[in-house]
Structures are given as C-alpha cells and as structure tokens.
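Structure record follows, encoded as structure tokens.
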Amino acid sequence: MPNGMLIFDHEPENWNDLQAMVGQLFRETGCEVTIGKQVELVRGKKEIDVWVRDEHTAPPSEYLCECKFWNRAIPQENVHSFRTVVADYGAHRGFIVSKAGFQKGAYDAVANTNVNLVTFRELQAIFFDRWRVAMGERFIPYADRLFPYWDYPGKMPKVQWRKKESERQDELVAAYRPLLRLGPLARMEEFVQKFPITVPSLNQAGQIDGQIVIGSYRQFYDFIDASKDVALRHFQVLYGEIDA
C-alpha cells in the first residue's frame, strides 16, 4: 500500500502509541471511541484496549480492538482468548492489531468468525477510503466559506482593486490550493488525490517565503486544519472586510 494511501505517516513507537493511534483512526472515521473501556462479560469484567461504537452502520455496530506491540507473532492461544471475549460481549467485530503479525495457527483460530487479525498497516487499508471521505466531510464547511472569494462572481471587494490586489489574489489561491480541492469530489470514494502537492508557503506577515510539499493524505488534512482560519483572514483583509 503506497504511503500516500495510509492514514498515518509514521508507525507507533510503543503499545500506548499503537492503542492511541487505533483509537484516533476510528474516531476520525466518525465513530465513538473509548480507550481502556471496562466491559461486562459472562464471567466478569474485561478491559478492552479500544472500544468502538459505529453509528454509521444500520443498526449501529460495536467493535473490540486488542493491540499487541509484541516483537513476535501472536500465537493461537491468545487469539482463542480474544475470540471468546468478542463472543461473550456480543461485539459485531473484533480486531487484533499486531506489530509483528500472527502465527499460522492464529489464522486457523479465526476461520469463519467475526475476528480479524491485522497489522496496523492492514487496519489502515481496511478503513482508508472511509477515513478519507470522513475527513473531507469534516473540512468541507471551511472550504465552502472560502468558495465565494475564488469563484466568479462571488465576493465583491469593498475596496478598489489594482494590479497588486489581483496579484495577491493569485498568491492566496496558490497558497491555499488544497482547500480548493475540498468539495463534492471529497465526498466521492472513487476520487483520489495525487501527491505530491506543492504550494507556496506564507510567513506570519502573509508573504511568500518558500514552498510546502504535501506528500500524503495525513499531511493534506493537517495542512487544511492549520490553514483554514488564517486563509479566511487573508482573504477578508484583501477584500477590505477586516483590517490587516
């Protein structure tokens, strides 16, 4: 799976990191997530590494995730134990997320069950398209409020424009081009961004001081999150709506 098609740009460094990143993956996909949740089982309580409630399925689904940051493949007996937890709780699906994979017998233990054995990269692959669309949906409102500034006939400046204002418009459109790419296309599972994306970088004074290379979806959405408010302010200043 190409790096540009992964949800994260780095691997977890320890068990806590793996647990947190699995939770973040599901949370950004639009699910309710609890780290270290105590659940009731037939024979008592059990702490689940990552508990997930997915309201986007009908009816809503619950997933249990166990994170294994081991340097060796997970054996069959550990899988049997987790499979029992998933069944006793009545979860719709279980995921064991392993750093080092699984022994052959482990796969035999989950045949014809609702338990998935995955590496962290494989978990990202399963949910990547849904995550990408969910993140696009989250940021589309910020793109929509900028749309009138760069789509004719949208906003009309409150001040008279000369050549320098038109050139500034071109600078801002180039610098915040990733926000332009959010819209109906971001809601389409078939639409895939092409990376890298290179845009001018603006300093605190709003002047071009270099360039930014965006090489993955994580960097793409991080850029949008960091730029969404400052981009609006730059356009408002240019159009004479607020003071610099």
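Each reported figure results from applying straightforward, stated rules to the coordinates on display, with no laboratory input. Note that this is a predicted model, so its numbers are computed, not measured. Reconstructed Cβ throughout: ideal geometry from the backbone, glycine too, with neighbour counts over all protein chains shown.
Bridge orientation summary for the chain: considering DSSP beta bridges with both residues in this region, about 60 percent are antiparallel.
Convex hull over the alpha-carbon atoms of the chain: what's its volume per residue in Å³?
Values: hull volume 38.4 nm³, N = 244.
Spread over its residues, the Cα hull of the chain gives 157 Å³ apiece.
Amide H contacts of Leu41 (H built 1.01 Å from N, in plane; Pro and chain starts excluded): Lys46 sit under 5 Å, all sequence-distant by 5 or more or on other chains. The residues packed around Phe220, meaning those with a beta-carbon under 12 Å from its beta-carbon, carry a net charge of +2 if Lys and Arg are +1 and Asp and Glu are -1.
For the pair segment 69-140 and segment 222-244, the centres of their Cα atoms are 42 angstrom apart.
Calculate, for Lys104 and Glu40, the FRET efficiency according to 1/(1 + (r/R0)^6) with r their C-beta to C-beta distance and R0 51 Å; round to the nearest 0.05.
Details: r = 33 Å, r/R0 = 0.65.
With R0 = 51 Å, the Cβ-Cβ based efficiency is 0.95.
Looking at segment 1-75, the GluC sites (Glu not before Pro) that sit in a DSSP loop and have at most 11 other Cβ atoms within 10 Å of their own Cβ are Glu13, Glu55.
For segment 129-238, the fraction of alpha-carbon pairs lying more than 17 Å apart is 54 percent, rounded to a whole number.
May I ask you to derive the FRET efficiency for Phe147 and Gln204 from their Cβ-Cβ distance with R0 = 22 Å, giving the value to the nearest 0.05?
Working: r = 25 Å, r/R0 = 1.16.
Computed FRET efficiency for Phe147 and Gln204 comes out at 0.30.
May I ask you to compute the full-extension gain from Arg130 to Glu165, defined as 0.36 nm times their residue separation minus their alpha-carbon distance, rounded to one decimal in nm?
Working: separation 35, 0.36 × 35 = 12.60 nm, distance 3.99 nm.
That pair, Arg130 and Glu165, stretches by 8.6 nm at full extension.
Can you compute the FRET efficiency between Val230 and His10 using 1/(1 + (r/R0)^6), with r the Cβ-Cβ distance and R0 = 25 Å? Round to the nearest 0.05.
Details: r = 26 Å, r/R0 = 1.02.
With a Förster radius of 25 Å, E is 0.45.
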